[in-house]
Structures are given as C-alpha cells and as structure tokens.
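Here the structure comes first, spelled out in structure tokens, and everything after it is commentary.
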C-alpha cells in the first residue's frame, strides 16, 4: 500500500526516477502479469492474427467514484463490453493515465485496484499502458484511455454491423435502464436521494458469450452507453429499409430512477447505461435467448422489448403505456456530460 498523504507531482510524469517509482510501485504491482512484467515498449501478445477485434475508448467521468462503480471499473467494463458485443472474446487491455498534478496517490491506487479486480473478473489482462502528469488545472483529476484486443470467431463478424437484420427479428434488452446516468448525476451533485440508486456498470462478456455459444441466430449486439437505449435503436434503423416497434411496458425503469428523471426533466430512454446490451435475434430464437439471459446475474430482468418491422423504414416507434405511439429519435445534445 502506498504511503498516505502523498501527492502526484509533475516529476512523476517526467520519464525519470519518479516516473519509474510511480509505474513500478503502483501500476506494475497492481496489474501484475507475465506480459506486463517484461517491461517492453510494446506488449508481445499471443493471438490469432486472422481474427482480431480492436477497440479504444476514453473515460473522463465526474466524479471519479460513484455508487456502483468508479472510473477504473468503468474503463475496463466499457472496453470489455465493446469487444464482447462485437462477438469477440476479450483478451488484452492497455491503459493510459493522464493525471492532474496534486491528485492523491491513494486515489490513483484505489482506481488501479478497481481496474485490476474488474479485469480479473472479465478474464482480460492489462498488459501495457502509459502515464502522463499535467499541471494543476489542465485536466480534472484523472482521465483514462483504454484499448482492448479480442479474438473473433469468423461466424460472428456480422454481429457488430447488423447486416443480417430483417423484419420479424426480436429485440431484447437485459434489464433496467438509466441506472448509471442517474447514479453519476446523484453523486456529482451530492443529491440526498433516499433510494439507493446504483450504477449498472458491469462486464457483460459472460452473458453475451453464453448466447453466442448456444448457436442462436444473433443478428446484432450493441451496449447502450452514452445516448441511452433510444440512441442505439435509432442508429440501427437509420437509413435502413426497415423500422422498429418497441413496447414501453417492456422497457424497465426503476421507480427512483424514473422519479429523478421526471424531477430533472430527463428521458430515461436517453440516459446512459454501462451494463445494458441490446440484442437482436431471429424470432425463433428469442425465447431461448431470453431464458439464457435471465440465468445470468446481469440479465435477470431481461425483456423482449420489441421487433423489427417492414413498416416506417428508418424509424423507431414506441407503443406507449397509454395506448399511443411515439417516434424515438437519436439524442440531440447531451443530457448529462462526462458520464463515462
């Protein structure tokens, strides 16, 4: 454990002795694995060169810690999920840290431990990275950029593009929406919310792998992060020769989350998630997919929320709770910035 009350100094980003101390006594120790310990400028990986999934993401969430997660857990889960929804098995992760001068060592160490624990849970190794320190006020505490590599079975190439989607296919989501955005909002503004609203931040690789390994005809998968569930659905149908019908009663929102959204004027459909995946499957496989999802800890509240239709090409139409219809479009602007 690093001594308390120590601060990150500009010299920790200089590339000299202080940098080596930071990297050695913190990141090498916490992320310890055989590949990282080689100390090479590039991680040397064992992976099939023919079928590789590759993704990168940056995380600037404010605050760094929130109910149900933190920036470290978020960084690993976000990258793991991006690989998993592409049909890939997550294998390796890089992590680059931009740290504001004056940030406590203990904070960085807590984030690193969270990343290591989440990576272990997800079966992915953090094998390389970078650390930079910037002057006080030039970044807000800590930013993290991650890059992930996974192995992709050629059978799952169409999953990330949705090229095989057709009318009749069913649309599933693995549970309650908008938890993450509301948890971060409550923590950021120090809201005294009586209900316990927790981020849904979670690695979804096992849930997704169980469905793919079952041989179901999966047409598309995407994690519903920034822009929420509505934006993912709108992106799928945009400029396509089919539409979607979704059912409001099958889209689950926790009552405390719904109440917070109503109070602040947010629409839960557009609030960020970090543990929700939209899956489109052949109609004959929908019930089996639903059953598999509900057996997983991150899919216990899964629902079939709608279907792909030949009508209203390029549009998502929601059947509302009161019997009307509402067009669901992409988000315009940002309801809550710095959510991930």
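The values are calculated or read from the model by the stated rules, or taken from the named source; none is laboratory data. Everything quoted here is computed from the prediction, not taken from an experiment. Ideal geometry is used to build each Cβ from the backbone, glycine not excepted, and the neighbour counts take in all protein chains shown.
Hey, among 32, 62, which residue is more than 26 Å from residue 149 (Cβ to Cβ) and part of a loop (DSSP other than H, G, I, E, B)?
On the way: 32 fails: more than 26 Å from residue 149 (Cβ to Cβ).
Being more than 26 Å from residue 149 (Cβ to Cβ) and part of a loop (DSSP other than H, G, I, E, B) holds for just one of 32, 62, which is 62.
Residues that are in contact with a strand residue (DSSP E or B) (Cβ under 9 Å, 6 or more places away or on another chain) and either buried (at least 23 other Cβ atoms within 10 Å of the Cβ) or more than 15 Å from residue 222 (Cα to Cα) (or both) within segment 271-283 comprise 273, 274, 275, 276, 277, 279, 280, 281, 282, 283, listed in sequence order.
Just wondering, is there one or more residues in segment 49-68 that are farther than 30 Å from residue 272 by Cα and either outside the structural domain of residue 108 (by TED's automatic domain parsing) or out of contact with any helix residue (DSSP H, G or I) (no Cβ under 9 Å at 6 or more places or on another chain) (or both)?
As a first pass, look at segment 49-68 and keep what is farther than 30 Å from residue 272 by Cα: 49-51.
After this cut, where a residue has to be either outside the structural domain of residue 108 (by TED's automatic domain parsing) or out of contact with any helix residue (DSSP H, G or I) (no Cβ under 9 Å at 6 or more places or on another chain) (or both) as well, the list is 49.
Checked against the condition, which is being farther than 30 Å from residue 272 by Cα and either outside the structural domain of residue 108 (by TED's automatic domain parsing) or out of contact with any helix residue (DSSP H, G or I) (no Cβ under 9 Å at 6 or more places or on another chain) (or both), segment 49-68 yields at least one hit.
On the stretch given as segment 77-111, residues that are under 12 Å from the mean Cα position of the chain (by Cα) and either assigned to a strand (DSSP E or B) or farther than 21 Å from residue 197 by Cα (or both) total 7.
Considering only residues that are in contact with a strand residue (DSSP E or B) (Cβ under 6 Å, 6 or more places away or on another chain) and outside any helix (DSSP H, G or I), look in segment 171-189 and name the one that is surrounded by the fewest Cβ atoms within 10 Å (Cβ to Cβ). So that I can check it myself, show each step before the final result.
Of segment 171-189, the ones in contact with a strand residue (DSSP E or B) (Cβ under 6 Å, 6 or more places away or on another chain) are 171-174, 183-184, 187.
With outside any helix (DSSP H, G or I) added as a condition, the list becomes 171-174.
Values: 171: 26, 172: 22, 173: 27, 174: 28.
Here the answer is 172.
Annotation note: of 195, 202, 214, the sole residue that is assigned by TED's automatic domain parsing to the domain that holds residue 285, under 21 Å from residue 301 (Cα atoms), surrounded by 23 or more Cβ atoms within 10 Å (Cβ to Cβ) and out of contact with any strand residue (DSSP E or B) (no Cβ under 8 Å at 6 or more places or on another chain) is 202.
Please find, among 13, 72, the residue that is in contact with a helix residue (DSSP H, G or I) (Cβ under 6 Å, 6 or more places away or on another chain) and touching a residue at least 40 places away in the same chain (Cβ under 8 Å).
Working: 13 fails: in contact with a helix residue (DSSP H, G or I) (Cβ under 6 Å, 6 or more places away or on another chain).
Checking each option against the conditions leaves just 72.
Considering 162, 168, 137, the condition of being part of a loop (DSSP other than H, G, I, E, B), more than 27 Å from residue 73 (Cα to Cα) and out of contact with any strand residue (DSSP E or B) (no Cβ under 6 Å at 6 or more places or on another chain) is satisfied by 168 alone.
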